[in-house]
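The values are calculated or read from the model by the stated rules, or taken from the named source; none is laboratory data. As the structure is a prediction and not an experimental result, all values here were calculated from the model. As a convention, Cβ positions derive from the backbone with ideal geometry for all residues, glycine included, and neighbour counts pool all protein chains shown.
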Amino acid sequence: MNRYINAVYVFIILLMIFGCEDPVKKIDWDYHEMPPKLIINGKITNEYKQHEILITQTQQYDDSRAFKGIEDCDVRVHAGTTSYEYHAVGSHPGLYRSAIAFAGTRNQQYELEIYPPDNNEYPDVITATETMPDGVDIHQAAAYITDTYEYEDTVEMSLMVYYEGSSEKPVNNYFIQYIVRQDEVPPALNLDILTSEEYMEEDSVRIAYFGYFDYYQAGESIDVVVKTITETHFRFLEGVRRISEPGDIFGFSTPIGNAQGNLNEGDVLGFFSTEYESTKKVAIISYAMK
Amino acid sequence: MKLSLFQTTIATFILFFSVSGFSQEVTLHGYVKDGDNGEALIGANIFVKGTATGTVTNVYGFYSLTLKPDNYTIVYSYVGYEEKEITFDLTRDVQQTIELQPAKTALDEVIVTAEKQNSNVTNTKIGIDKLDAKTIEQIPAMMGEVDVIKSLQLLPGVVPTGEISSGMSIRGGGRDQNLVLLDEGTVYNASHALGLFSVFNNDAIKNVELYKGIIPSQYGGRLSSLIDIRMKDGNSKNFSGKGSIGLITSKLTLEAPIIKDKSSIMLSGRRTYLDLLTKAAHKMFPKEVPGELPVYFYDFNAKVNYSINSNNRLYLSGYFGRDNADFSVDDENIFRPGWGNYTGTLRWNHIVNKKLFTNITLITSQYDYDIYNKFAWEEDEETKYTEFNWTAQLRDQALKADFGYFLNPNNTIRFGMSSIYHEFDLARIKGKTDTVDFNFHFPQKYSLESAFYVGNEQKHGKFALEYGLRLSVLNNIGKTDEYTLKNYEVVDTTSYRKGEFYNTEWGLEPRISVNYTVNDKNSVKAGYARTRQYLHIASSSESGTPLDVWMPSGPNVNPQIADQVTIGFYKNMFDDYLQLSFETYYKWMQNTIEFKDFAQPYLNPSIESDFRFGRGRAYGLEFLGRVPRGKFSGWVSYTLSRSERKIRDIQEKNWYLSPFDVTHNLSVVGQFEVTKRLFLSSNYVLMSGRPFNVPSARWNYYGWILPYYDGKNTSRYPNYRRLDLGIELKNKPKKRYESSWVFSVYNVLNTKNANLIYFEQEYNSQVTQAYRQSLLGRIYSVSFNFKF
């Protein structure tokens, strides 16, 4: 009897195996095409330098080539009565650099104006307006290794970063915060910590803590970076971060959308931003050394 | 003021029809039952021989026929049963319960609808489909597990919301727009095993009716459909049983009289053992079966009825079902989700007098889920841990009173009321770490959903009408917190005391359908219905998940409203062996809910701030050709449809396709009786893929490569197609014992239908690749069925 039951059992299991196949397969997909849209990557910071604006255009979703730079654009930024001309950087199609160096100043409104080359697919003019936030200056910062974890063959530590800073008045509470390790080239856009938390007190002092997990060494030097951004820019960056590939097995993904920029009421992709950046160099200390 | 209007309407109805009633009359009333097991027969015909005068039994098998005093030969009939003729000398009122014997010919065993053969032509119902347990049983099923919901998905106007989903979109509506009732108890999540099966055990089911057009005024609360499922009452004559042993499930149903012809009981249970099988398979063939599937479900149906006397009968029925999974690694790292429904119904059928039938019902139902999660790690040579229990539930307590007044053969008035108290516990997370306890709790919501209705089924020559009016009301009740939204942002919170009624939504819902019977083989029907929906699923998933959260309308969420117009043509041919229907519909929807871009649908305490509201429209043409009986039976169903939305304040300003838009939907279901002991069955499904979001372009922002969507739902999944085959081999019957082997192959052609299509960019090359996830390939199954 047992032999009979076992035979039935094996038969059932074989049937199941026969029905099992890898459920996920690569497929070819016929993406529908749309006319290209212009993309602007542009920002003014409080750093004294020649500021840059990159103008490219969209391409088909599965086209992995480099984005095509748009040449022959007339680019300028107005700040009150002052206008800054931008010139094309010859070695990098689509990149425009301000003719002179300047530093963005707090509460100054900046107006971007771009005249693309004549083309039925591009708008005649692209405009955007942003005001440099009344940003936070870091007064002091510290970084502590608080815990050590051993996971398989790696060692991880929790690094707690603290900073205290102030602005002239607490009008703005939208920040990008991150650290840059020694010898590390920071990415052009680091959204590790994008926050709208309000820690600004009445005396305009902001205190913030944030953490990282990685392998650190006591004595290692890092830059603590805080960028104060506008609310519009913050919302746009939230969108950038949330854009995910659509779908999962239960449709758990966030409902899709496009990050809404400030160029021609969102008709042109990208963002023209004004960022107030403050950096403090600190040496990491271990919890025991604190 | 509105209530007095309602009362006036009822009084006018009764007065009007009393005046038009017979001046001197007698009434024949009683029940029609199955002679073998005492089950009440729903929709049995009772008519005066040689005339068109007659009536049908209601859902409890009750009938009442009022006539002038005279001698009459009354014919009792029900498809699949032997007709019975009885002559009455009706000089006074007569109470007569009739038992019909099931027909013994094999031809009559294969039936699609258990009704008068041309009732599809003559009744006023429009946009209704009926299936009985026998029909469902003969459709080839995945893994041999016959399924009510999967069978309904083969009917016109009905599409599944995913490859493995038990969710349905009916006539372009959302999956939360279907009212699913099991013995009047609301089933909020009809899925077992993530939608692979429905919660309904076919062996415990007597009858299924799907109203997708004009829902009777007795029912409401959902925009698109009513799925009314009735459990078996239990055999009041003999002890009987039915069961099956399948590849992944086994089930057993027992029925018995407690007091013969007076009281009976039905018990039915089912359990899967996929968890045990995959565990064994993984152990025996670790390469071929790389992992276990530690998921199982069980459910249990029970029903007891007791006939106190000829005028009073009590029914007590209940369902309890649960899914459990255990993805724990060890005792320190545990992940155990579970979810389930229960319903309980106590009904009192009371014959007030020869014309007035009442049904008073007390109902309770609940859907809940819980997730227990614990994870531990080593730190400083100590074990540290975090554990939490996440629970959510929706519980209903309801009272219904339904009255059927059989005024005369031409008018049957129905009126009544219902009141449902909803308790919403949207999420509660309680947990602790090695150092702290935490407790996170969404504001609970309470609401009272009430309705009053009156309607009449009226016959007038070649015209038959069914019309009614429903007044529905939703009260939001404290204790709770409500957010005040301004431009969809939370600007304030108001707390309400326990029991405080702080918001009311209400509206009238007229319903009417008309049938013009050209002759007994052809008819034309038309109808209009308004429906209002006060409960909504707050989920971005189109296929449905165990974590679905229902929430009521309130200050920030308006009720959804639909107006539907339906016109149909019905034709029977070849002595009713071929039944054809063509229906077309147009549905307008208001306050359709869509999530805003980048919404946070899960664990969001102010989820209503992520809702956006707009309009919807759905229209289509449905064809159904049925062969309800004979050696070869089955049906062909085809739907051509469109479903669209227009929502303010989201990226798309124009009409766009609803995720439930399926342009073409074809199902062919065939059953062939080769010999008395050999049955072949098959079904074929071909439908357009549903719309979904595919990026139209890519763009870059400081090194981040991002998708750009040029509108919502602009692409479609590939077409879905599937062929299933089944063979039933009946063993030679031994006295009362019958058994059979059922072999079936699901998706014979092994078509790789997409459950999900997604896109990934390879990290280094940034090359985009499309992936198709197909869960159900060809699946073989065998089951052994028995009954006695």
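Side notes on the structure shown:
- In summary, residue B:77 fulfils each of the numbered conditions (1) farther than 28 Å from residue B:361 by Cβ; (2) buried (at least 16 other Cβ atoms within 10 Å of the Cβ); (3) under 29 Å from the mean Cα position of the chain (by Cα); (4) modelled with pLDDT under 85 with the single exception of condition (4).
- Within region B:771-784, considering residues that are part of a loop (DSSP other than H, G, I, E, B) and within 7 Å of another protein chain (Cβ to nearest Cβ), the one farthest from residue A:23 (Cα to Cα): B:778
- Odd one out for residue B:661 among (1) part of a strand (DSSP E or B); (2) crowded, with 20+ Cβ neighbours inside 10 Å; (3) away from every other protein chain (no Cβ under 14 Å): (1)
- Restricting A:261, A:270 to residues that are part of a loop (DSSP other than H, G, I, E, B), at pLDDT 85 or above and under 27 Å from residue B:768 (Cα atoms) narrows the list to A:261.
- Residue pairs whose Cβ atoms lie under 6 Å apart, separated by 6 or more positions or on different chains, with the first residue in region B:199-212 and among the hydroxyl-bearing types (Ser, Thr, Tyr) and assigned to a helix (DSSP H, G or I) and the second modelled with pLDDT of 90 or more and surrounded by fewer than 23 Cβ atoms within 10 Å (Cβ to Cβ), do not occur.
- Selected residue [on the phi > 0 side of the Ramachandran plot and either modelled with pLDDT under 85 or more than 14 Å from chain A (Cβ to nearest Cβ) (or both)] from B:574, B:623, B:613: B:574
- Of all residues making up region B:671-706, the number that are under 28 Å from residue B:755 (Cβ atoms) and not in a strand (DSSP E or B): 7
One line per residue, one yes/no per condition, for (1) crowded, with 19+ Cβ neighbours inside 10 Å; (2) away from chain B (no Cβ under 11 Å); (3) more than 25 Å from the chain's Cα centre (by Cα); (4) in a strand (DSSP E or B):
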residue: A:62; (1), (2), (3), (4): no, no, no, no
residue: A:66; (1), (2), (3), (4): no, no, no, no
residue: A:72; (1), (2), (3), (4): no, yes, yes, no
residue: A:77; (1), (2), (3), (4): yes, yes, no, yes
residue: A:83; (1), (2), (3), (4): no, yes, yes, yes
residue: A:86; (1), (2), (3), (4): yes, yes, no, yes
residue: A:90; (1), (2), (3), (4): no, yes, yes, no
residue: A:93; (1), (2), (3), (4): no, yes, no, no
residue: A:96; (1), (2), (3), (4): yes, yes, no, yes
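- Unique match (being out of contact with any Phe, Trp or Tyr (no Cβ under 7 Å at 6 or more places or on another chain) and surrounded by 17 or more Cβ atoms within 10 Å (Cβ to Cβ)) among B:363, B:351, B:371: B:363
- Residues in region B:626-644 that are at pLDDT below 95, among the basic types (Lys, Arg) and under 24 Å from the mean Cα position of the chain (by Cα): B:626 alone.
- For residue B:280: the one exception among (1) in a strand (DSSP E or B); (2) within 14 Å of another protein chain (Cβ to nearest Cβ): (1)
- Any hit, region B:293-309, residues being within 14 Å of chain A (Cβ to nearest Cβ), out of contact with any Phe, Trp or Tyr (no Cβ under 7 Å at 6 or more places or on another chain), assigned to a loop (DSSP other than H, G, I, E, B) and without any contact (Cβ under 8 Å) to a residue 40 or more places away in the chain: yes
- When residues in region B:172-198 are screened for being of a type in the set (Phe, Trp, Tyr) and part of a strand (DSSP E or B), 1 of them pass.
- Exactly one residue among B:262, B:242 is under 26 Å from residue B:196 (Cβ atoms) and more than 12 Å from every other protein chain (Cβ to nearest Cβ), and that residue is B:242.
- Test result for residue B:37, within 28 Å of the chain's Cα centre (by Cα) and of a type in the set (S, T, N, Q): yes
- Candidates B:630, B:625 - the one that is surrounded by fewer than 22 Cβ atoms within 10 Å (Cβ to Cβ) and assigned to a strand (DSSP E or B): B:625
- Whichever residue in region B:730-748 is within 12 Å of chain A (Cβ to nearest Cβ) and of a type in the set (Phe, Trp, Tyr) and, among such residues, is nearest to residue B:700 (Cα to Cα): B:746
- Scanning region B:505-558 for residues that are touching a His at 6+ places or on another chain (Cβ under 8 Å) and assigned to a strand (DSSP E or B) gives B:535, B:550, B:551, B:552, B:557.
- Count of region B:476-499 residues, restricted to those that are under 33 Å from the mean Cα position of the chain (by Cα) and either assigned to a loop (DSSP other than H, G, I, E, B) or closer than 17 Å to residue B:559 by Cα (or both), is 6.
- Pairs where the first residue, in region B:383-409, is under 18 Å from residue B:343 (Cα atoms) and of a type in the set (Val, Ile, Thr) and the second is at pLDDT 90 or above and crowded, with 20+ Cβ neighbours inside 10 Å, C-beta under 7 Å, 6+ apart: none
- Residue within region B:589-597 that is of a type in the set (A, V, I, L, M, F, W, C), more than 14 Å from chain A (Cβ to nearest Cβ) and within 19 Å of the chain's Cα centre (by Cα) present: no
- Per-region count, region B:691-706, residues free of Cβ contacts under 8 Å to residues at least 40 places away in the same chain, within 7 Å of another protein chain (Cβ to nearest Cβ) and within 42 Å of the chain's Cα centre (by Cα): 4
- Positions within region B:512-550 being among the aliphatic types (A, V, I, L, M) and at pLDDT 90 or above, in sequence order: B:512, B:514, B:524, B:526, B:529, B:535
- Looking across region A:27-53 at every residue that is among the basic types (Lys, Arg) and part of a strand (DSSP E or B), the one that is farthest from the other protein chains (Cβ to nearest Cβ) is identified as A:49.
- Residues satisfying the stated conditions in region A:114-130, i.e. assigned to a strand (DSSP E or B) and buried (at least 17 other Cβ atoms within 10 Å of the Cβ): A:114, A:126, A:128, A:130
- For region B:521-560, a residue qualifies if it is within 30 Å of residue B:462 (Cα to Cα) and in contact with an Asp or Glu (Cβ under 9 Å, 6 or more places away or on another chain), and the qualifying residues are B:521, B:525, B:527, B:528, B:529, B:530, B:531.
- Just one residue in the set B:768, B:751 is surrounded by 16 or more Cβ atoms within 10 Å (Cβ to Cβ), at the interface with chain A (Cβ under 7 Å from one of its Cβ atoms) and among the polar types (S, T, N, Q); that residue is B:768.
- Taken as a whole, region B:416-425 holds no residue that is of a type in the set (Val, Ile, Thr) and modelled with pLDDT under 95.
- Of all residues in region B:511-544 being among the β-branched types (Val, Ile, Thr) and surrounded by fewer than 23 Cβ atoms within 10 Å (Cβ to Cβ), the one that is nearest to the other protein chains (Cβ to nearest Cβ): B:537
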